[in-house]
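The values are calculated or read from the model by the stated rules, or taken from the named source; none is laboratory data. Predicted model only: the values in this text are computed from it and were never measured. Here the Cβ positions follow ideal geometry from the backbone for every residue, glycine too, while neighbour counts run over all protein chains shown. The accessibility values were calculated without ligands, DNA or RNA, using every heavy atom of the protein model including side chains. Shrake-Rupley method; radii C 1.70, N 1.55, O 1.52, S 1.80 Å.
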Amino acid sequence: SEMCIRDRILKAMNSSLTTKKIAALKPRGKRYSVSDGHGLTIKVQPSGTKSWVLRISSGGRVTDLALGHWPELSLMQARQIARRKRKELGQEPPRGYVLRDAWTLWKNLKRGRIVSYQDEKRRMERYIIQPLGGRQIDEVTAPLVIQTVKSIERAGHQATLKRVLMRTREVMDLAVCAGYIHHNPVDRVSRVFAAPIVKPMPSVHWRELPRVMEIVMSAPKRTQLLFAWACLSLLRPIETVKVRWDWFDADVLTIPSTEMKKAREHRLPLLPIMLDVLQAAKAESPHPKSPFIWAGRVSGKHMSEQTLAKFFRGTELKGRLVAHGIRSIGRSWMADHDAPFEVAEACLSHVSGSSVSRAYQRSDYLTQRRTLMASWCSYVSDCAREVGFLPDIFKADTA
């Protein structure tokens, strides 16, 4: 009956070994065995040695295979070997490692090491782990993954698809290294899909900056100040709003590597006009004692990195300029004014040169950047005065 089947399943689950149960097994006068199911047992010798044995019946013959000693060979590793052996013989295999086990390896490896960890984690859990996390890892095939991510392709999110496949390949590579599987079945899956078309983030020509400022003048005061800071500093949107007061040291703002893309510390030379904008931001802050210059509505939080992007979407700049595009305005201005390539790239905290050249050249061009940033800030101030943008701040020459 259904009740009896359920009772047998529950009994089997309760009788399965656990690491705690194995550790509690004590030696006796004679060798004895404890079964984990599907022919897998652990034998306990009078000496206390515990070894894994898999009993397989094939062609009328019964064979005992020695797999290794515990704890060198863990319970899950023994189950995975037993699963592989029984599958080779066409016999019912026990449950082994699932995809979520390999996912845990990836999280432990990447947590705190990549800036995009939280975004990557959410993306993977939504598209891969939720639908496939409970699957036996040796049953995760290329066709299965392809079918699972088809919805991303249909939605037209090619860049997301590329990242999901890249991280899935990394997860399965770790599973190979850990001995969960022998090879990575999704190593070349990305070739099935068309390569994403990379489009630069929308931005306008640097000569249009005065017009952009005219549009931003309709924004709330703090948004205007945030825009001014983004223009002057040329930081990425998330770095723009994360700036803290304790990162200041005289006329240099040092953003820790943990808060920067590529995990590289970035020093920003501070000019008088920048400090004027930040002091005005502090005066407008809803939480003056917040460690963040751009304090959010909730105490202890910073403003959203989407603040400027959201404002742009509600204006004629929609589709023409995003917050990240402000960096392009500044970089293009530098290029058109004969700024040295390496210095201009350093202003945007970009990595330039080969890995070999970077091994030797370790300067961040702080002195040269201060001169270049002064020229750029002077142009921003000229634009602001031209249209009357934040007249209480941009009222004197920054040179």
Cα-based reach from Lys21 at 17 Å (exclusive), listing aspartates and glutamates while leaving out same-chain residues under 8 positions away: Asp36, Glu72
Vicinal HN-Hα couplings computed from phi for region 176-187 (Karplus, 6.51 cos²θ - 1.76 cosθ + 1.60; Hz; Gly/Pro x): 5, 4, 7, x, 5, 9, 8, 8, 8, x, 10, 4
Restraint check, Lys261/Lys310; Lys150/Lys262; Lys20/Lys107; Lys26/Lys50; Lys30/Lys85; Lys221/Lys282, Cα-Cα greater than 19 Å: Lys261/Lys310; Lys150/Lys262; Lys20/Lys107; Lys30/Lys85
Full-stretch length increase - Thr49, Gln147 - with 0.36 nm per residue and alpha-carbon distance subtracted: 30.6 nm
Accessible area in square angstrom per residue, region 77-229, 1.4 angstrom probe: 53
Asp36 long-range amide H proximity, modeled H, under 5 Å: Thr41, Ile42
Selection of trypsin sites (Lys or Arg not before Pro), region 204-307, meeting DSSP coil and at most 16 other Cβ within 10 Å: Arg264, Lys289, Arg297, Lys301
The chain - mean residue ellipticity at 222 nm from DSSP helices (-39,500 (n - 2.57) per run, n ≥ 4, rounded to 500): -14000 deg cm²/dmol
Of all accessible heavy-atom area on the chain, the percent that carbon and sulfur account for (1.4 Å): 52
Centroid-to-centroid separation of region 101-156 and region 342-370 [C-alpha atoms, Å]: 35
Rounded to whole Hz, the Karplus (6.51, -1.76, 1.60) HN-Hα couplings of region 323-334, x for glycine and proline: 4, 5, x, 4, 5, 5, 4, x, 5, 5, 4, 4
Amide hydrogen neighbours beyond the local backbone of Leu253, cut-off 5 Å, H modeled: Leu268, Leu270
Paramagnetic label zone (point 7 Å from Cα along Cα-to-C-beta, Ala155; backbone N under 12 Å) in region 97-140: 123-128
Total formal charge among the other residues, if their Cβ is under 10 angstrom from that of Ala339, Lys/Arg +1 and Asp/Glu -1: -2
Derived scalar couplings ³J(HN,Hα) [region 21-32; Karplus, 6.51 cos²θ - 1.76 cosθ + 1.60; whole Hz; x for Gly, Pro]: 5, 5, 4, 7, 5, 9, x, 10, x, 10, 5, 9
Residues whose placed amide H lies under 5 Å from that of Leu65, excluding near-sequence neighbours: Leu54, Arg55, Ile56
Positive-end residue, the chain charge dipole about Cα centroid, Cβ charges, pick of Ser328, Met373, Gln91: Gln91
Accessible surface, per residue, of region 230-284 when the full set of protein chains is kept, probe 1.4 Å, Å²: 43
Share of alpha-carbon pairs per 10 Å distance bin for region 41-136, given as whole %: 14, 32, 25, 19, 9, 1
Extension reserve of the Asp187-Leu65 stretch, reckoned as 0.36 nm per residue once the Cα distance is removed: 40.7 nm
Under 17 Å from the Asp246 label point (7 Å along Cα→beta-carbon), backbone N, region 256-281: 256-260
Over region 141-266, volume per residue of the alpha carbon convex hull, in Å³: 182
